[in-house]
Amino acid sequence: MSDKFLTFKRDSAFNLMGRIFSIGIAPLFFPAFWLGRYFAILFPADYQIPAETPGFVTFTSGPNVMLGILVGAGVLAISIMIWKVVCQALLIVLEAFEAYTSRPNE
């Protein structure tokens, strides 16, 4: 098993970039989570809770969870799009390099 793990086999640039794109999405969740959490705390929401006296309510402030989820999802979507553009540019470069090295020398 260690023989296969330590050796490389020839693969196309398209397959390699597909794997790199899939693996590269995982680290993008961390900044999305932290920015969503930051915005949820930065812009708190007021919540209505019942008071001790019946018929009256009081307000308390807490993190704006919906804003945090929306900001986190937006940051994740935008960062995935940017990562896709970077991977497409690398794919173009790798395919050009693959075509250049596979043709016979003239």
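The values are calculated or read from the model by the stated rules, or taken from the named source; none is laboratory data. Computed from a predicted model, the values in this text were never measured in an experiment. Here Cβ is always computed from backbone atoms with ideal geometry, including for glycine, and neighbour counts include all displayed protein chains.
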inquiry  = For the range 48-106: of the residues being of a type in the set (D, E, K, R) and in a helix (DSSP H, G or I), which is modelled with the highest pLDDT?
reply    = K84
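Return the residue satisfying two criteria in turn: it lies in the range 23-42 and is over 16 Å from V85 (Cβ atoms) and under 9 Å from the mean Cα position of the chain (by Cα), and of such residues it is surrounded by the most Cβ atoms within 10 Å (Cβ to Cβ). Lay out the reasoning, then the answer.
Start the filter on the range 23-42 by keeping residues that are over 16 Å from V85 (Cβ atoms), which leaves 23, 26-27, 29-42.
Filter once more, keeping what is under 9 Å from the mean Cα position of the chain (by Cα): 26-27, 29-32.
On the way: A26: 8, P27: 10, F29: 14, F30: 9, P31: 13, A32: 19.
Ranking the candidates gives A32 first.
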query = Of the residues I69, I20, which single one is within 25 Å of E95 (Cβ to Cβ) and either surrounded by 13 or more Cβ atoms within 10 Å (Cβ to Cβ) or more than 30 Å from the chain's Cα centre (by Cα) (or both)?
reply = I20
task = Taking the residues in the range 84-96 that are hydrophobic (A, V, I, L, M, F, W, C) and touching a residue at least 60 places away in the same chain (Cβ under 8 Å) as candidates, determine which candidate is nearest to S22 (Cα to Cα).
result = C87
remark   = How many residues of the range 51-83 are touching a residue at least 12 places away in the same chain (Cβ under 8 Å) and among the aromatic types (F, W, Y)? The answer is 2
query = If T60 satisfies every condition in (1) within 17 Å of F30 (Cα to Cα); (2) in contact with an Asp or Glu (Cβ under 8 Å, 6 or more places away or on another chain); (3) among the β-branched types (V, I, T) but one, which is the exception?
reply = (1)
